[in-house]
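S.K.: Okay, here's the structure, questions in a sec.
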Amino acid sequence: MAFVTVFYLLFLFAPMVLLLVGSFGQSWTNTLLPTGFTGRWYVEVATDPSFRRAFVTSLQVVGLTCVLNVLIGLPLAYAIQSAARSGVRVAARLLTLLPIAVPDLVLAFGFILVFSSDTLPWLGSFWLLVAGHVVLTLPYTVNTLAADMQQLGLAEYEQAAATLGAPFLARFRDVVLPMVATSLLSAMLTVAALSIGEFQLSNLVAGFLSRTYPVVLLQAFYGATGFACAATVVLLVLAVTASVLSSATARLARAR
């Protein structure tokens, strides 16, 4: 068992370590490890116009995706948790899980068919890209919040507030939001980690001026290896940071 664990960890972390080493290598051609040492690849990534534009686009997409997840996911999770019948809750959760069950490529092809028509000529637009990211990430927000609402016993607290005469808006502001704030933050960090690294749908849906960082990153591997490694490390650091913060806030929410 220990051997399997060690082998798995090596299999998981070896590519990341090689990427980090390669990002500082001066040359890497037909060898196991790069030769030389340089930091110029990170400078080139930071100054490359296409990567800077793609990085800003990715941050905009992530930010809007998180905002829309809050505006849509929080009320939807609350409605699922508050449903009187268990069958309604199960059906609603199954519907929210469909984007996870359906492959990204299938969803992307559906977007291409629908939004490349004369009636809806939105393929390649920035907002269609954001909509695709919302569709892909919303299930994580809804199911995380719905599960935490049930675990925290939100219905009992709301009922107690209602018996004291608190109207719905007051209950939502003073009971629901404070109780799920940590869970909501954890869900948004997970959404950010997923959105920043999403490639398949973005590659097919994004226009030339709305390409995200992972889409532009693919093209880097056709050039200098060190440049591509440095660009990948930047993306990896962002995704890992969001994942670690999400895990930490999730533990904090459970501890409460």
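The values are calculated or read from the model by the stated rules, or taken from the named source; none is laboratory data. Since we're looking at a predicted model, the values are computed, not measured. So basically every Cβ, Gly included, is an ideal-geometry build from the backbone, and we count neighbours across all protein chains shown. Side chains are part of the model used for accessible areas, which takes the heavy atoms of the whole protein and leaves out ligands, DNA and RNA. Shrake-Rupley method; radii C 1.70, N 1.55, O 1.52, S 1.80 Å.
One line per residue, one yes/no per condition, for (1) at pLDDT 85 or above; (2) on the phi > 0 side of the Ramachandran plot; (3) among the polar types (S, T, N, Q):
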{"residue": "Leu218", "(1), (2), (3)": "no, no, no"}
{"residue": "Gly223", "(1), (2), (3)": "no, no, no"}
{"residue": "Val237", "(1), (2), (3)": "yes, no, no"}
{"residue": "Thr249", "(1), (2), (3)": "no, no, yes"}
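S.K.: Which of the residues that make up region 3-27 are open to solvent by 60 Å² or more (accessible area, probe 1.4 Å) and in contact with a strand residue (DSSP E or B) (Cβ under 9 Å, 6 or more places away or on another chain)?
M.R.: Within region 3-27, Gln26 is the sole residue that qualifies.
S.K.: Which of the residues that make up region 101-111 are of a type in the set (A, V, I, L, M) and surrounded by 14 or more Cβ atoms within 10 Å (Cβ to Cβ)?
M.R.: Result: Leu107, Ala108.
S.K.: Look at Thr5 and say whether it is in contact with a His (Cβ under 7 Å, 6 or more places away or on another chain) and either at pLDDT 75 or above or in a helix (DSSP H, G or I) (or both).
M.R.: Here the answer is no, as Thr5 does not meet what is asked.
S.K.: I'm told Ala101 meets every condition in (1) modelled with pLDDT of 85 or more; (2) under 20 Å from the mean Cα position of the chain (by Cα) except one. Can you identify the failing condition by its number?
M.R.: Of (1) modelled with pLDDT of 85 or more; (2) under 20 Å from the mean Cα position of the chain (by Cα), only one is false for Ala101: (1).
S.K.: Hey, can you tell me all the residues within region 41-77 that are hydroxyl-bearing (Ser, Thr, Tyr) and either buried (at least 20 other Cβ atoms within 10 Å of the Cβ) or touching a Phe, Trp or Tyr at 6+ places or on another chain (Cβ under 6 Å) (or both)?
M.R.: Result: Thr57, Ser58, Thr65.
S.K.: Give me the pairs, please: first residue somewhere in region 59-80 and under 13 Å from Ser195 (Cβ atoms), second residue anywhere and outside any helix (DSSP H, G or I) and at pLDDT 90 or above, beta-carbon distance under 8 Å, and either six or more positions apart or on two chains.
M.R.: Taking only residues 6 or more apart or on different chains, the pairs are Val61/Thr212.
S.K.: Consider Val237 against the criteria (1) surrounded by fewer than 20 Cβ atoms within 10 Å (Cβ to Cβ); (2) in contact (Cβ under 8 Å) with a residue 40 or more places away in the chain: it satisfies all of them except one. Which criterion is unmet?
M.R.: Exception for Val237: condition (2).
S.K.: Run Leu33 past the list (1) at positive phi; (2) open to solvent by 90 Å² or more (accessible area, probe 1.4 Å) and report the number of the one that doesn't hold.
M.R.: The number of the failed condition is (1).
S.K.: Of the residues Val56, Val90, Val17, which single one is modelled with pLDDT of 80 or more and farther than 30 Å from Ser210 by Cβ?
M.R.: The unique qualifying residue is Val17.
S.K.: Additional query: Quick check on my filter: what residues within region 14-41 are within 18 Å of Val234 (Cβ to Cβ) and under 24 Å from the mean Cα position of the chain (by Cα)? Give the derivation first.
M.R.: Our first condition is that a residue be within 18 Å of Val234 (Cβ to Cβ); within region 14-41, this holds for 15-25, 28, 34, 38-41.
Across region 14-41, the qualifying residues are Pro15, Met16, Val17, Leu19, Leu20.
To keep it simple, each residue is scored yes or no on (1) at pLDDT 85 or above; (2) within 30 Å of Ala79 (Cα to Cα).
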position: Tyr140; (1), (2): yes, yes
position: Tyr157; (1), (2): yes, yes
position: Leu164; (1), (2): no, yes
position: Pro167; (1), (2): yes, yes
position: Leu185; (1), (2): yes, yes
position: Ser210; (1), (2): yes, no
position: Val215; (1), (2): yes, no
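S.K.: Restricting to helices (runs of 4 or more DSSP H) lying wholly in region 115-209: which have 2 or more residues that are of a type in the set (A, V, I, L, M, F, W, C), free of Cβ contacts under 8 Å to residues at least 24 places away in the same chain and open to solvent by 70 Å² or more (accessible area, probe 1.4 Å)? Please lay out each step first, then the result.
M.R.: Details: elements: 126-151, 154-163, 168-171, 177-197, 200-205.
By residue number, 168-171.
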